[in-house]
Amino acid sequence: MAGKALAAIEHALALAGSMTWEILWALILGFALSAVVQAVVRRSTIVALLGDDRPRTLAVAAGLGAAS
């Protein structure tokens, strides 16, 4: 009984490790791109693009969010 439980825990940890390894590159790439954008794009530019609640502004924000 304890052997089955340990085997199940080992299997679950192996799956979790495998999934983490598979998505790690995407996380690193996403954080790197976000850092580059934050370093390059000025805050005033973002405020100028997204400074109000017009439909165009919401569409731009949705597009930028989808792109990220």
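Any read-out appearing in this document is the output of simple, stated calculations on the displayed coordinates, not a laboratory observation. Keep in mind that what you see is a predicted model, and the values were worked out from it rather than measured. Cβ placement follows ideal geometry from the backbone for every residue including glycine, while neighbour counts extend to all protein chains displayed.
Beta carbons closer than 6 Å, at least 6 apart along the sequence or on distinct chains, never pair a first residue in the range 1-18 that is touching a residue at least 24 places away in the same chain (Cβ under 8 Å) with a second that is basic (Lys, Arg). Here Ser44 does not qualify as assigned to a helix (DSSP H, G or I) and touching a residue at least 24 places away in the same chain (Cβ under 8 Å). There is no residue in the range 8-17 that is over 18 Å from the mean Cα position of the chain (by Cα), of a type in the set (D, E, K, R), at negative phi and part of a loop (DSSP other than H, G, I, E, B). Scanning the range 24-68 for residues that are under 19 Å from the mean Cα position of the chain (by Cα) and of a type outside the set (Val, Ile, Thr) yields a total of 21.
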